[in-house]
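Single-structure report; data block below.
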Number of protein chains: 2
Amino acid sequence: MSMLPPLGFVKVLSSRYHLVVNTSDVTATLERICTLLRNDARQRGLPHGLQPVQVEALLYLSRCNRYSDTPQAVADFLASTKGTVSQTLKVLERQGLLAKRPDLQDRRVVRLRLTAAGRELARKLAAPAVLEQVLVADATRAERLAAELKGLLGAMQEIGGHRTFGACHTCRFFTREDNGFRCGLTSEQLTPADSKLICREHETK
Amino acid sequence: MSMLPPLGFVKVLSSRYHLVVNTSDVTATLERICTLLRNDARQRGLPHGLQPVQVEALLYLSRCNRYSDTPQAVADFLASTKGTVSQTLKVLERQGLLAKRPDLQDRRVVRLRLTAAGRELARKLAAPAVLEQVLVADATRAERLAAELKGLLGAMQEIGGHRTFGACHTCRFFTREDNGFRCGLTSEQLTPADSKLICREHETK
DNA sequence: GATTGTAGTATCGACTCGATACTTAATGAG
DNA sequence: CTCATTAAGTATCGAGTCGATACTACAATC
(Lines give C-alpha, C1' and ligand atoms only; values in the text may rest on other atoms or scores of the structure.)
Protein backbone atom coordinates (compact mmCIF):
# COMPACT_ATOMS: atom_id res chain seq x y z
CA MET A 1 0.00 0.00 0.00
CA SER A 2 1.81 3.09 -1.20
CA MET A 3 1.06 6.29 0.68
CA LEU A 4 2.27 8.69 -1.97
CA PRO A 5 0.08 11.76 -2.31
CA PRO A 6 -1.61 12.18 -5.69
CA LEU A 7 0.30 14.22 -8.22
CA GLY A 8 -0.84 17.80 -8.29
CA PHE A 9 -2.05 17.74 -4.73
CA VAL A 10 -1.22 21.32 -3.94
CA LYS A 11 -1.81 23.17 -0.74
CA VAL A 12 -2.44 26.84 -1.23
CA LEU A 13 -1.69 29.14 1.68
CA SER A 14 -4.11 32.02 1.75
CA SER A 15 -2.44 35.27 2.68
CA ARG A 16 -5.70 36.77 3.84
CA TYR A 17 -7.09 34.28 6.29
CA HIS A 18 -4.05 32.08 6.86
CA LEU A 19 -6.11 29.04 6.05
CA VAL A 20 -4.77 26.08 4.22
CA VAL A 21 -7.01 25.06 1.34
CA ASN A 22 -6.01 22.20 -0.82
CA THR A 23 -6.95 22.26 -4.46
CA SER A 24 -7.80 18.57 -4.71
CA ASP A 25 -10.60 19.25 -2.26
CA VAL A 26 -12.17 21.86 -4.53
CA THR A 27 -11.59 19.60 -7.48
CA ALA A 28 -13.30 16.59 -5.94
CA THR A 29 -16.28 18.69 -4.92
CA LEU A 30 -16.60 20.28 -8.33
CA GLU A 31 -16.29 16.97 -10.15
CA ARG A 32 -19.04 15.52 -8.02
CA ILE A 33 -21.27 18.51 -8.72
CA CYS A 34 -20.63 18.00 -12.41
CA THR A 35 -21.56 14.34 -12.17
CA LEU A 36 -24.84 15.16 -10.47
CA LEU A 37 -25.58 18.04 -12.82
CA ARG A 38 -24.90 15.99 -15.90
CA ASN A 39 -27.16 13.30 -14.59
CA ASP A 40 -29.85 15.87 -13.99
CA ALA A 41 -29.49 16.98 -17.61
CA ARG A 42 -29.77 13.35 -18.68
CA GLN A 43 -32.96 12.87 -16.72
CA ARG A 44 -34.40 16.09 -18.12
CA GLY A 45 -33.63 15.10 -21.70
CA LEU A 46 -34.63 11.47 -21.41
CA PRO A 47 -38.42 11.93 -21.69
CA HIS A 48 -37.79 13.75 -24.96
CA GLY A 49 -35.25 11.24 -26.25
CA LEU A 50 -32.30 13.59 -25.88
CA GLN A 51 -28.78 12.89 -24.64
CA PRO A 52 -27.00 15.40 -22.37
CA VAL A 53 -24.87 16.70 -25.23
CA GLN A 54 -27.94 17.17 -27.38
CA VAL A 55 -29.56 19.16 -24.59
CA GLU A 56 -26.48 21.38 -24.36
CA ALA A 57 -26.45 21.95 -28.11
CA LEU A 58 -30.15 22.74 -28.18
CA LEU A 59 -29.84 25.24 -25.35
CA TYR A 60 -26.83 26.88 -27.00
CA LEU A 61 -28.68 27.31 -30.28
CA SER A 62 -31.64 28.83 -28.46
CA ARG A 63 -29.38 31.46 -26.94
CA CYS A 64 -26.76 32.26 -29.57
CA ASN A 65 -26.79 35.18 -32.01
CA ARG A 66 -26.63 35.18 -35.81
CA TYR A 67 -22.82 35.07 -35.88
CA SER A 68 -22.75 31.90 -33.82
CA ASP A 69 -25.30 29.51 -35.29
CA THR A 70 -22.96 27.13 -37.13
CA PRO A 71 -21.73 23.58 -36.45
CA GLN A 72 -18.22 24.85 -35.83
CA ALA A 73 -19.46 27.35 -33.23
CA VAL A 74 -21.38 24.58 -31.46
CA ALA A 75 -18.24 22.45 -31.50
CA ASP A 76 -16.22 25.29 -29.94
CA PHE A 77 -18.89 25.84 -27.30
CA LEU A 78 -19.04 22.16 -26.36
CA ALA A 79 -15.23 21.95 -26.50
CA SER A 80 -15.75 19.07 -28.91
CA THR A 81 -14.85 18.39 -32.54
CA LYS A 82 -16.76 19.21 -35.68
CA GLY A 83 -16.98 15.51 -36.51
CA THR A 84 -18.72 14.62 -33.28
CA VAL A 85 -20.96 17.67 -33.40
CA SER A 86 -21.94 16.86 -36.96
CA GLN A 87 -23.34 13.57 -35.66
CA THR A 88 -25.21 15.22 -32.83
CA LEU A 89 -26.78 17.83 -35.12
CA LYS A 90 -27.82 15.15 -37.56
CA VAL A 91 -29.88 13.52 -34.84
CA LEU A 92 -31.47 16.81 -33.76
CA GLU A 93 -32.34 17.52 -37.38
CA ARG A 94 -33.89 14.09 -37.81
CA GLN A 95 -36.00 14.73 -34.73
CA GLY A 96 -37.32 17.91 -36.31
CA LEU A 97 -35.83 20.23 -33.70
CA LEU A 98 -33.38 21.86 -36.06
CA ALA A 99 -33.13 23.03 -39.67
CA LYS A 100 -29.98 23.55 -41.73
CA ARG A 101 -29.60 26.11 -44.48
CA PRO A 102 -26.55 27.16 -46.46
CA ASP A 103 -24.88 30.46 -45.66
CA LEU A 104 -25.21 32.88 -48.56
CA GLN A 105 -21.93 34.72 -47.98
CA ASP A 106 -19.70 31.67 -47.40
CA ARG A 107 -20.97 28.59 -49.12
CA ARG A 108 -18.86 26.26 -47.00
CA VAL A 109 -20.85 27.29 -43.95
CA VAL A 110 -24.09 25.75 -42.67
CA ARG A 111 -26.45 27.91 -40.64
CA LEU A 112 -28.52 26.25 -37.93
CA ARG A 113 -31.98 27.33 -36.84
CA LEU A 114 -34.20 25.78 -34.23
CA THR A 115 -37.67 24.90 -35.45
CA ALA A 116 -40.71 25.95 -33.44
CA ALA A 117 -40.60 22.53 -31.78
CA GLY A 118 -36.90 23.03 -31.04
CA ARG A 119 -37.44 26.40 -29.41
CA GLU A 120 -40.33 25.09 -27.36
CA LEU A 121 -38.28 22.15 -26.13
CA ALA A 122 -35.32 24.40 -25.29
CA ARG A 123 -37.67 26.50 -23.18
CA LYS A 124 -38.76 23.43 -21.26
CA LEU A 125 -35.23 22.10 -20.77
CA ALA A 126 -33.73 25.40 -19.61
CA ALA A 127 -34.70 24.73 -16.02
CA PRO A 128 -32.31 22.34 -14.27
CA ALA A 129 -34.59 21.00 -11.61
CA VAL A 130 -32.01 20.43 -8.89
CA LEU A 131 -30.10 23.69 -9.17
CA GLU A 132 -33.22 25.79 -9.40
CA GLN A 133 -34.46 24.54 -6.05
CA VAL A 134 -31.13 25.02 -4.34
CA LEU A 135 -30.69 28.55 -5.59
CA VAL A 136 -34.18 29.75 -4.84
CA ALA A 137 -33.89 28.40 -1.32
CA ASP A 138 -30.93 30.65 -0.52
CA ALA A 139 -30.67 33.94 -2.36
CA THR A 140 -27.37 35.12 -0.89
CA ARG A 141 -25.79 31.82 -1.84
CA ALA A 142 -26.99 32.24 -5.42
CA GLU A 143 -25.44 35.67 -5.46
CA ARG A 144 -22.04 34.61 -4.15
CA LEU A 145 -22.03 31.58 -6.43
CA ALA A 146 -22.75 33.68 -9.50
CA ALA A 147 -19.70 35.83 -8.80
CA GLU A 148 -17.36 32.97 -7.90
CA LEU A 149 -18.38 30.74 -10.77
CA LYS A 150 -18.03 33.48 -13.36
CA GLY A 151 -14.55 34.18 -12.09
CA LEU A 152 -13.64 30.53 -12.21
CA LEU A 153 -15.08 30.02 -15.67
CA GLY A 154 -13.23 33.06 -17.00
CA ALA A 155 -9.95 31.75 -15.65
CA MET A 156 -10.60 28.25 -17.01
CA GLN A 157 -11.42 29.59 -20.45
CA GLU A 158 -8.32 31.74 -20.51
CA ILE A 159 -5.98 28.95 -19.46
CA GLY A 160 -7.61 26.40 -21.72
CA GLY A 161 -7.50 28.77 -24.68
CA HIS A 162 -11.27 28.60 -25.15
CA ARG A 163 -13.53 31.33 -26.43
CA THR A 164 -15.54 33.15 -23.78
CA PHE A 165 -19.03 32.85 -25.35
CA GLY A 166 -20.31 35.77 -23.29
CA ALA A 167 -23.45 37.82 -23.85
CA CYS A 168 -23.12 40.38 -26.64
CA HIS A 169 -23.60 43.43 -24.41
CA THR A 170 -20.64 42.46 -22.22
CA CYS A 171 -18.25 42.38 -25.17
CA ARG A 172 -15.47 44.86 -25.81
CA PHE A 173 -16.75 45.38 -29.37
CA PHE A 174 -20.21 46.36 -28.15
CA THR A 175 -20.99 50.05 -28.57
CA ARG A 176 -23.99 52.19 -27.70
CA GLU A 177 -25.29 54.68 -30.20
CA ASP A 178 -27.97 57.36 -30.24
CA ASN A 179 -30.61 55.06 -31.64
CA GLY A 180 -29.48 51.63 -30.41
CA PHE A 181 -26.45 49.34 -30.30
CA ARG A 182 -23.75 48.35 -32.75
CA CYS A 183 -21.12 45.59 -33.02
CA GLY A 184 -17.68 47.08 -33.53
CA LEU A 185 -16.45 43.90 -35.18
CA THR A 186 -19.08 43.48 -37.88
CA SER A 187 -20.22 47.13 -37.84
CA GLU A 188 -23.78 45.89 -37.87
CA GLN A 189 -26.66 47.31 -35.88
CA LEU A 190 -27.95 45.31 -32.94
CA THR A 191 -31.40 45.14 -31.44
CA PRO A 192 -31.91 45.02 -27.67
CA ALA A 193 -32.77 41.33 -28.09
CA ASP A 194 -29.51 40.77 -29.99
CA SER A 195 -27.50 42.32 -27.19
CA LYS A 196 -28.54 39.60 -24.76
CA LEU A 197 -27.53 36.67 -26.94
CA ILE A 198 -24.36 34.60 -26.71
CA CYS A 199 -21.68 35.39 -29.29
CA ARG A 200 -18.90 33.22 -30.58
CA GLU A 201 -16.68 36.26 -31.17
CA HIS A 202 -17.21 37.63 -27.68
CA GLU A 203 -14.17 39.14 -26.00
CA THR A 204 -14.03 40.36 -22.44
CA LYS A 205 -13.66 44.10 -21.95
CA MET B 1 -40.24 34.42 -32.84
CA SER B 2 -41.72 33.89 -29.40
CA MET B 3 -40.26 36.02 -26.64
CA LEU B 4 -41.44 33.90 -23.76
CA PRO B 5 -38.89 33.59 -20.99
CA PRO B 6 -37.59 30.06 -20.37
CA LEU B 7 -39.48 28.13 -17.74
CA GLY B 8 -37.87 28.29 -14.35
CA PHE B 9 -36.19 31.59 -15.05
CA VAL B 10 -36.39 32.90 -11.53
CA LYS B 11 -35.11 36.17 -10.21
CA VAL B 12 -34.03 36.01 -6.63
CA LEU B 13 -34.03 39.17 -4.62
CA SER B 14 -31.25 39.15 -2.09
CA SER B 15 -32.25 40.63 1.22
CA ARG B 16 -28.66 41.37 2.11
CA TYR B 17 -27.34 43.35 -0.83
CA HIS B 18 -30.57 44.16 -2.64
CA LEU B 19 -29.14 42.78 -5.83
CA VAL B 20 -31.12 40.84 -8.37
CA VAL B 21 -29.47 37.59 -9.34
CA ASN B 22 -31.17 35.28 -11.74
CA THR B 23 -30.73 31.59 -11.31
CA SER B 24 -30.49 30.80 -14.99
CA ASP B 25 -27.31 32.85 -15.03
CA VAL B 26 -25.70 30.67 -12.40
CA THR B 27 -27.00 27.60 -14.15
CA ALA B 28 -25.59 28.52 -17.53
CA THR B 29 -22.21 29.29 -16.00
CA LEU B 30 -22.12 26.09 -14.03
CA GLU B 31 -23.18 23.97 -16.99
CA ARG B 32 -20.43 25.48 -19.09
CA ILE B 33 -17.87 24.79 -16.36
CA CYS B 34 -19.06 21.22 -16.28
CA THR B 35 -18.69 20.88 -20.02
CA LEU B 36 -15.13 22.15 -19.89
CA LEU B 37 -14.28 20.07 -16.85
CA ARG B 38 -15.68 16.90 -18.36
CA ASN B 39 -13.69 17.52 -21.49
CA ASP B 40 -10.60 18.01 -19.39
CA ALA B 41 -11.27 14.65 -17.76
CA ARG B 42 -11.67 13.14 -21.22
CA GLN B 43 -8.36 14.51 -22.38
CA ARG B 44 -6.65 13.29 -19.21
CA GLY B 45 -8.04 9.79 -19.60
CA LEU B 46 -7.57 9.49 -23.33
CA PRO B 47 -3.82 8.70 -23.33
CA HIS B 48 -4.62 5.78 -21.03
CA GLY B 49 -7.64 4.63 -22.99
CA LEU B 50 -10.13 5.70 -20.35
CA GLN B 51 -13.53 7.37 -20.72
CA PRO B 52 -14.59 10.16 -18.34
CA VAL B 53 -16.85 7.82 -16.39
CA GLN B 54 -14.05 5.29 -16.04
CA VAL B 55 -11.81 8.02 -14.68
CA GLU B 56 -14.44 8.97 -12.13
CA ALA B 57 -14.90 5.36 -11.07
CA LEU B 58 -11.16 4.81 -10.77
CA LEU B 59 -10.72 7.92 -8.64
CA TYR B 60 -13.63 6.95 -6.42
CA LEU B 61 -12.19 3.49 -5.80
CA SER B 62 -8.82 5.01 -4.95
CA ARG B 63 -10.44 7.14 -2.24
CA CYS B 64 -13.23 5.04 -0.77
CA ASN B 65 -13.11 2.98 2.41
CA ARG B 66 -13.74 -0.72 2.95
CA TYR B 67 -17.49 -0.24 3.36
CA SER B 68 -17.78 1.43 -0.03
CA ASP B 69 -15.85 -0.66 -2.54
CA THR B 70 -18.75 -2.40 -4.29
CA PRO B 71 -20.40 -1.95 -7.70
CA GLN B 72 -23.56 -0.66 -6.07
CA ALA B 73 -21.63 1.99 -4.14
CA VAL B 74 -19.92 3.12 -7.35
CA ALA B 75 -23.33 3.32 -9.02
CA ASP B 76 -24.65 5.47 -6.18
CA PHE B 77 -21.62 7.73 -6.35
CA LEU B 78 -21.88 8.20 -10.09
CA ALA B 79 -25.66 8.64 -9.80
CA SER B 80 -25.90 5.83 -12.35
CA THR B 81 -27.38 2.34 -12.41
CA LYS B 82 -25.81 -0.95 -11.43
CA GLY B 83 -26.24 -2.21 -14.98
CA THR B 84 -24.22 0.58 -16.52
CA VAL B 85 -21.61 0.48 -13.80
CA SER B 86 -21.25 -3.26 -14.23
CA GLN B 87 -20.18 -2.59 -17.83
CA THR B 88 -17.74 0.12 -16.84
CA LEU B 89 -16.13 -2.05 -14.19
CA LYS B 90 -15.81 -4.93 -16.63
CA VAL B 91 -13.69 -2.74 -18.86
CA LEU B 92 -11.51 -1.55 -15.99
CA GLU B 93 -11.04 -5.16 -14.91
CA ARG B 94 -10.07 -6.22 -18.43
CA GLN B 95 -7.52 -3.41 -18.50
CA GLY B 96 -5.95 -4.80 -15.35
CA LEU B 97 -6.72 -1.75 -13.23
CA LEU B 98 -9.18 -3.51 -10.99
CA ALA B 99 -9.73 -6.87 -9.31
CA LYS B 100 -13.00 -8.37 -8.09
CA ARG B 101 -13.37 -10.71 -5.15
CA PRO B 102 -16.45 -12.08 -3.45
CA ASP B 103 -17.50 -10.65 -0.10
CA LEU B 104 -17.23 -13.27 2.62
CA GLN B 105 -20.09 -11.96 4.77
CA ASP B 106 -22.63 -11.40 1.98
CA ARG B 107 -22.07 -13.68 -0.99
CA ARG B 108 -24.20 -11.54 -3.31
CA VAL B 109 -21.70 -8.74 -2.95
CA VAL B 110 -18.58 -8.16 -5.03
CA ARG B 111 -15.66 -6.27 -3.51
CA LEU B 112 -13.51 -4.12 -5.77
CA ARG B 113 -9.83 -3.45 -5.31
CA LEU B 114 -7.54 -1.40 -7.51
CA THR B 115 -4.44 -3.22 -8.65
CA ALA B 116 -1.03 -1.59 -8.30
CA ALA B 117 -1.43 -0.34 -11.87
CA GLY B 118 -4.88 1.02 -11.00
CA ARG B 119 -3.62 2.91 -7.98
CA GLU B 120 -0.73 4.35 -9.91
CA LEU B 121 -3.01 5.53 -12.70
CA ALA B 122 -5.46 7.06 -10.21
CA ARG B 123 -2.54 9.00 -8.76
CA LYS B 124 -1.70 10.39 -12.18
CA LEU B 125 -5.28 11.25 -13.08
CA ALA B 126 -6.09 12.97 -9.80
CA ALA B 127 -4.77 16.29 -11.07
CA PRO B 128 -7.26 18.09 -13.34
CA ALA B 129 -4.86 20.19 -15.35
CA VAL B 130 -7.09 23.21 -15.92
CA LEU B 131 -8.50 23.59 -12.42
CA GLU B 132 -5.15 23.11 -10.76
CA GLN B 133 -3.68 26.08 -12.57
CA VAL B 134 -6.63 28.34 -11.88
CA LEU B 135 -6.70 27.55 -8.19
CA VAL B 136 -2.99 27.88 -7.60
CA ALA B 137 -3.01 31.26 -9.32
CA ASP B 138 -5.45 32.72 -6.81
CA ALA B 139 -5.44 31.32 -3.30
CA THR B 140 -8.29 33.40 -1.90
CA ARG B 141 -10.48 32.35 -4.78
CA ALA B 142 -9.72 28.70 -4.07
CA GLU B 143 -10.72 29.25 -0.49
CA ARG B 144 -14.02 30.95 -1.26
CA LEU B 145 -14.80 28.38 -3.91
CA ALA B 146 -14.19 25.50 -1.56
CA ALA B 147 -16.75 26.89 0.87
CA GLU B 148 -19.36 27.83 -1.73
CA LEU B 149 -19.09 24.60 -3.68
CA LYS B 150 -19.37 22.40 -0.62
CA GLY B 151 -22.49 24.27 0.38
CA LEU B 152 -23.96 23.89 -3.08
CA LEU B 153 -23.11 20.20 -3.31
CA GLY B 154 -24.63 19.53 0.12
CA ALA B 155 -27.87 21.19 -0.92
CA MET B 156 -27.94 19.38 -4.26
CA GLN B 157 -27.39 16.01 -2.61
CA GLU B 158 -30.11 16.67 -0.06
CA ILE B 159 -32.69 17.76 -2.62
CA GLY B 160 -31.77 15.01 -5.05
CA GLY B 161 -31.92 12.39 -2.32
CA HIS B 162 -28.34 11.31 -2.92
CA ARG B 163 -25.89 10.02 -0.37
CA THR B 164 -23.30 12.53 0.79
CA PHE B 165 -20.15 10.43 0.26
CA GLY B 166 -18.17 12.58 2.66
CA ALA B 167 -14.86 11.79 4.34
CA CYS B 168 -15.18 9.39 7.27
CA HIS B 169 -13.93 11.83 9.91
CA THR B 170 -16.70 14.35 9.05
CA CYS B 171 -19.45 11.81 9.67
CA ARG B 172 -21.89 11.88 12.56
CA PHE B 173 -21.03 8.25 13.37
CA PHE B 174 -17.33 9.03 13.71
CA THR B 175 -16.08 8.91 17.30
CA ARG B 176 -12.70 9.57 18.90
CA GLU B 177 -11.40 7.20 21.54
CA ASP B 178 -8.40 7.05 23.82
CA ASN B 179 -6.35 5.06 21.39
CA GLY B 180 -7.80 6.04 18.02
CA PHE B 181 -11.08 6.31 16.12
CA ARG B 182 -14.20 4.20 15.83
CA CYS B 183 -17.22 4.01 13.51
CA GLY B 184 -20.45 4.24 15.47
CA LEU B 185 -22.34 2.42 12.75
CA THR B 186 -20.17 -0.68 12.36
CA SER B 187 -18.52 -0.37 15.79
CA GLU B 188 -15.21 -1.12 14.11
CA GLN B 189 -11.90 0.55 14.86
CA LEU B 190 -10.57 3.03 12.31
CA THR B 191 -6.99 3.96 11.48
CA PRO B 192 -6.01 7.58 10.81
CA ALA B 193 -5.78 6.63 7.13
CA ASP B 194 -9.31 5.18 7.26
CA SER B 195 -10.67 8.41 8.68
CA LYS B 196 -9.74 10.33 5.54
CA LEU B 197 -11.46 8.00 3.09
CA ILE B 198 -14.85 8.49 1.45
CA CYS B 199 -17.69 6.44 2.91
CA ARG B 200 -20.93 5.34 1.33
CA GLU B 201 -22.72 5.44 4.68
CA HIS B 202 -21.53 8.94 5.49
CA GLU B 203 -24.04 11.26 7.15
CA THR B 204 -23.52 14.91 7.90
CA LYS B 205 -23.26 15.85 11.57
C1' DG C 1 -3.41 29.33 -60.84
C1' DA C 2 -1.52 26.36 -57.37
C1' DT C 3 -1.31 25.98 -52.51
C1' DT C 4 -2.99 26.23 -48.09
C1' DG C 5 -6.57 26.56 -44.78
C1' DT C 6 -11.41 26.11 -43.18
C1' DA C 7 -16.36 24.14 -42.84
C1' DG C 8 -18.57 20.25 -43.00
C1' DT C 9 -19.73 15.10 -43.76
C1' DA C 10 -19.11 9.93 -43.63
C1' DT C 11 -17.45 5.86 -41.49
C1' DC C 12 -15.28 2.73 -38.01
C1' DG C 13 -14.72 0.89 -33.42
C1' DA C 14 -14.86 1.08 -28.42
C1' DC C 15 -17.71 2.73 -24.96
C1' DT C 16 -21.99 4.76 -22.45
C1' DC C 17 -26.43 4.20 -20.80
C1' DG C 18 -31.50 3.02 -20.28
C1' DA C 19 -34.31 -0.95 -20.48
C1' DT C 20 -35.18 -5.51 -19.79
C1' DA C 21 -34.53 -10.01 -18.35
C1' DC C 22 -32.23 -12.90 -15.90
C1' DT C 23 -29.32 -15.45 -11.43
C1' DT C 24 -28.03 -15.82 -6.80
C1' DA C 25 -28.35 -14.88 -2.17
C1' DA C 26 -30.10 -12.56 2.03
C1' DT C 27 -34.22 -11.30 4.61
C1' DG C 28 -38.54 -11.48 6.61
C1' DA C 29 -43.31 -12.98 7.51
C1' DG C 30 -46.33 -16.59 8.40
C1' DC D 1 -38.95 -23.87 8.09
C1' DT D 2 -40.62 -22.38 4.02
C1' DC D 3 -42.01 -19.28 0.64
C1' DA D 4 -42.27 -14.58 -0.96
C1' DT D 5 -39.77 -10.47 -1.27
C1' DT D 6 -35.88 -7.73 -1.79
C1' DA D 7 -31.08 -6.71 -2.95
C1' DA D 8 -26.56 -7.35 -5.63
C1' DG D 9 -24.87 -8.32 -9.70
C1' DT D 10 -24.55 -9.82 -14.78
C1' DA D 11 -25.90 -10.19 -19.78
C1' DT D 12 -27.82 -8.28 -23.85
C1' DC D 13 -29.96 -4.89 -27.13
C1' DG D 14 -30.19 -0.52 -29.47
C1' DA D 15 -29.37 4.37 -30.01
C1' DG D 16 -26.01 7.61 -29.19
C1' DT D 17 -21.08 9.62 -28.08
C1' DC D 18 -16.60 10.51 -29.46
C1' DG D 19 -11.71 10.16 -31.33
C1' DA D 20 -9.57 9.10 -35.58
C1' DT D 21 -9.28 9.13 -40.27
C1' DA D 22 -10.44 10.11 -44.80
C1' DC D 23 -12.98 12.72 -47.72
C1' DT D 24 -15.47 16.97 -50.43
C1' DA D 25 -16.28 21.77 -51.21
C1' DC D 26 -15.13 26.29 -50.93
C1' DA D 27 -12.28 30.46 -49.56
C1' DA D 28 -8.12 32.89 -49.02
C1' DT D 29 -3.47 33.72 -49.92
C1' DC D 30 0.63 34.01 -52.34
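Here residue A:65 fulfils each of the conditions (1) open to solvent by less than 60 Å² (accessible area, probe 1.4 Å); (2) more than 14 Å from chain B (Cβ to nearest Cβ) apart from (2).
Of the helices (runs of 4 or more DSSP H) lying entirely inside region B:127-205, those containing at least 1 residues that are under 21 Å from residue A:34 (Cα atoms) are B:129-137, B:139-160. Against the criterion of being loosely packed, with under 15 Cβ neighbours inside 10 Å, at the interface with another protein chain (Cβ under 9 Å from one of its Cβ atoms) and either of a type in the set (A, V, I, L, M, F, W, C) or more than 8 Å from DNA strand C (Cβ to nearest atom) (or both), residue A:41 does not qualify.
Matching residues to (1) assigned to a helix (DSSP H, G or I); (2) away from DNA strand C (no atom under 11 Å from the Cβ); (3) within 30 Å of residue A:189 (Cα to Cα); (4) touching a residue at least 24 places away in the same chain (Cβ under 8 Å):
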| residue | (1), (2), (3), (4) |
| --- | --- |
| A:24 | yes, yes, no, no |
| A:59 | yes, yes, yes, yes |
| A:75 | yes, no, yes, no |
| A:101 | no, no, yes, no |
| A:111 | no, no, yes, yes |
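Residues that are over 24 Å from residue A:195 (Cβ atoms), away from chain B (no Cβ under 12 Å) and among the aliphatic types (A, V, I, L, M) were ranked within region A:68-103; the one that is nearest to DNA strand D (Cβ to nearest atom) is A:91.
Residues in region A:128-157 that are more than 7 Å from chain B (Cβ to nearest Cβ) and either touching a residue at least 24 places away in the same chain (Cβ under 8 Å) or open to solvent by less than 20 Å² (accessible area, probe 1.4 Å) (or both): A:129, A:154, A:157.
Name every residue in region B:104-125 that is more than 16 Å from DNA strand D (Cβ to nearest atom), open to solvent by 20 Å² or more (accessible area, probe 1.4 Å) and among the hydrophobic types (A, V, I, L, M, F, W, C), in order of residue number. Once the filter is applied, which keeps residues that are more than 16 Å from DNA strand D (Cβ to nearest atom), open to solvent by 20 Å² or more (accessible area, probe 1.4 Å) and among the hydrophobic types (A, V, I, L, M, F, W, C), region B:104-125 yields B:116, B:117.
The values are calculated or read from the model by the stated rules, or taken from the named source; none is laboratory data. Treat the numbers as computed from the prediction; the structure is a model and nothing was measured. Virtual Cβ from ideal backbone geometry, glycine too; neighbours counted across all protein chains shown. The accessibility values were calculated without ligands, DNA or RNA, using every heavy atom of the protein model including side chains. Shrake-Rupley method; radii C 1.70, N 1.55, O 1.52, S 1.80 Å.
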